[in-house]
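Q: Quick one: this structure, given as structure tokens, is what I'll be asking you about.
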Amino acid sequence: MSNSLRTSDSSDIENPTAGDGRSPVLVAGGATLAGALLSFLFVPGVTVFFVLAFLGVAVYGWFVHQEATAKGLMFLATISTALVLVLITAYLFLRSFPAFEQMGLEILYTNGDYWSRGDDRYSLYPAIWGTVLTTILATLVAAPLGVASAIFISEIAPSWAHEIVKPAVETLAGIPSIVYGFIGFTIINGYMMDNFGLTSSGSIVVVGVVVGLMALPTVASVAEDAISSVPDHMKDGAVAIGATEWQTIKSVTLPASFSGISAAVLLGVGRAVGETMAATVILGNVMQLPEPLYNVFGNTVTLTSLIASQYGNAHGLHMQALFAAGVILFLTVMALSITAQLIEARVKQNLGGEL
């Protein structure tokens, strides 16, 4: 038998349903999904019919050509996710463009009246500064506590404690942010007012502490994964030349996992930058700068709390200024995420692809 005949027979065995109509099913599924998207954008009233048609095609394909349908659905899900991200990004920038065009650089920095709806004057300077201060404070809370927790969980805790402590730390991430904010406002803020003479009902330092505790599980979990990924032979070599457990952690484990720990801290910072409800509940959301600027006991607003507290009654340039705040948040968090991913890629390269 020739090679061509063997190849033909092999392909028939591997693909027994070739040419049996799978392509029309996939094309119909893609067409109905595209129709649902276009109708949602331009004729929302008929979107439900395209969605029902897509579900019908998917169900039919699942029973008739299950493997091809599963692959097609996964492909469409991937494409849809990327498309939704592109649409959200484009919409965000388009809606914010008039604010950047009219306000110019004053939307980022100006003196005097920062926020006046009557004069259509909107400056994000106090919100940007409030976000910077709260993020710094949150990082000072989450980074050392998170890294210390990761070291204990990975290198020091016995196995039974590891099985208890790590899930407990990760469970903290599941607590709703509004709960953190309410606890911060009623307990931490009250403590600060009683013992540190705070006169306002909210302060930057309280937000920083609460958001830092919210970012703590992210830092601890990712840092623990990075520390655990350090090869055992590196630690065994240090022990073999007489290093103690702490000397091994300090001189071998932490330097080898430094990139992963840095990525964990950056992810925690991204959580702190984007936190909304805790900041909205605790801060007074006043469009002013603390005096002096480094006064963490003062009151101000963050970019997220600004959007959350004002979008309900915003319109015109006011709404576009809030979209501009969203653009700044989007670019900041995206930069942090990209940096964290680059650091993680470096970890994989240095440690043989394990993280």
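Rule-based calculations on the coordinates, nothing more; no lab input. On a predicted model such as this, the values are computed, not experimentally measured, just so you know. Virtual Cβ from ideal backbone geometry, glycine too; neighbours counted across all protein chains shown.
Q: Hey, rough spin-label estimate for ASN313 and PHE42, points 7 angstrom out along Cα→Cβ, what's it come to in nanometres?
A: 3.9 nm
Q: Can you tell me the relative contact order of segment 46-200? Whole percent, Cα pairs under 8 Å, sequence separation 6 or more.
A: After rounding, I find 7 percent.
Q: While we're here: Quick one: in segment 237-355, what % of C-alpha pairs are over 19 Å apart?
A: Details: 4522 of 7021 pairs.
Pairs farther apart than 19 Å: 64 percent.
Q: Towards the positive end of the charge dipole of the chain, with charges on Cβ (+1 Lys, Arg; -1 Asp, Glu), say which of VAL48, MET234, MET319 has the farthest Cα.
A: MET319
Q: Next question, about the same structure. Pull out a ≥ b ≥ c, the square roots of the eigenvalues of the alpha-carbon gyration tensor of the chain, then state rounded if a/c is under 1.5, prolate if not and a/b is larger than b/c, and oblate in the remaining case. Walk me through the numbers before you get to the answer.
A: On the way: a/c = 2.51, a/b = 1.21, b/c = 2.07.
Note, shape of the chain comes out oblate.
Q: Could you list VAL132, VAL86 in order of exposure, starting from the residue whose Cβ has the fewest other Cβ atoms within 10 Å? The partial results should precede the final answer.
A: Numbers: VAL132 15, VAL86 10.
The most exposed by this proxy come first: VAL86, VAL132.
Q: Hey, another quick one. Taking the number of other C-beta atoms within 10 Å as the exposure measure, put MET103, MET319 in order starting with the fewest.
A: MET319, MET103
Q: Please state the relative contact order of the chain as a whole percent: Cα pairs under 8 Å, 6+ residues apart?
A: Across the chain, relative contact order equals 20 percent.
Q: Right, another one. Mind checking which of THR332, LEU289, ALA161 is farthest towards the positive end of the chain's charge dipole, using Cβ charges of +1 (Lys, Arg) and -1 (Asp, Glu) about the Cα centre?
A: LEU289
Q: Turning to a different aspect of this structure: For segment 257-273, just list the computed ³J(HN,Hα) in residue order, Karplus coefficients 6.51, -1.76 and 1.60, θ = phi - 60°, integers in Hz, with x standing in for Gly and Pro.
A: Working through the residues one at a time gives 9, 4, 5, x, 5, 4, 4, 4, 5, 5, 5, x, 4, x, 5, 5, 5 Hz.
Q: Same structure again: What order, most packed first, do the peptides 204-216, 238-250 have when packing is the mean number of other Cβ atoms within 10 Å of each residue?
A: Peptide ranking by packing, descending: 204-216, 238-250.
Q: Here's another thing I want to ask about it. Would you work out which of GLY212, VAL222, PHE93 lies farthest towards the positive end of the dipole of the chain, given +1 charges on the beta-carbon of Lys and Arg and -1 on that of Asp and Glu, about the Cα centre?
A: PHE93
Q: Mean-square fluctuation check for the chain, GNM, Cα pairs under 10 Å: which of ILE175, ILE343, ILE107 is largest?
A: ILE175
Q: About the Cα centre of the chain, how large is the charge dipole given +1 on each Lys and Arg Cβ and -1 on each Asp and Glu Cβ? Please answer in debye to the nearest 20.
A: So the dipole magnitude of the chain works out to roughly 360 debye.
Q: Taking a ≥ b ≥ c as the square roots of the eigenvalues of the Cα gyration tensor of segment 83-164, is the shape rounded (a/c under 1.5), prolate (a/b larger than b/c) or oblate?
A: On the way: a/c = 5.26, a/b = 2.18, b/c = 2.41.
Oblate is the answer for segment 83-164, as a/c is 1.5 or above yet b/c matches or exceeds a/b.
Q: Shifting gears a bit: Suppose every Lys and Arg Cβ carries +1 and every Asp and Glu Cβ carries -1, with no other charges. What dipole size does segment 187-288 come out with about its Cα centre, to the nearest 20 debye?
A: It works out to roughly 200 debye.
Q: Near the amide H of ARG121, under 5 Å away, which other amide H atoms are found, from residues 5 or more places off or on another chain, if H is placed in the peptide plane?
A: Distant-sequence amide H within range of ARG121: SER116.
Q: Still on this model: Put a dot 7 Å past each Cα toward the Cβ at LEU293 and LEU85; how far apart are the dots in nm?
A: Going from the LEU85 label point to the LEU293 one covers 3.5 nm.
Q: On to the next question. Within the chain, how many lysine pairs that are 8 or more places apart, or on different chains, have C-alpha atoms less than 26 Å apart?
A: 6
Q: Rounded to the nearest 500, what is the 222 nm mean residue ellipticity of the chain from helices alone, with -39500 (n - 2.57) per DSSP H run of 4+ residues and division by all residues?
A: -23000 deg cm²/dmol
Q: If you don't mind, another one. For each of SER228, SER259, SER116, SER203, count neighbouring Cβ atoms within 10 Å of the residue's Cβ, then give the residues from fewest to most.
A: Going from least to most buried by this count: SER116, SER228, SER259, SER203.
Q: Please tell me the relative contact order of segment 187-274 in percent, rounded to the nearest whole number, where contacts are Cα pairs under 8 Å and at least six residues apart.
A: 38 percent
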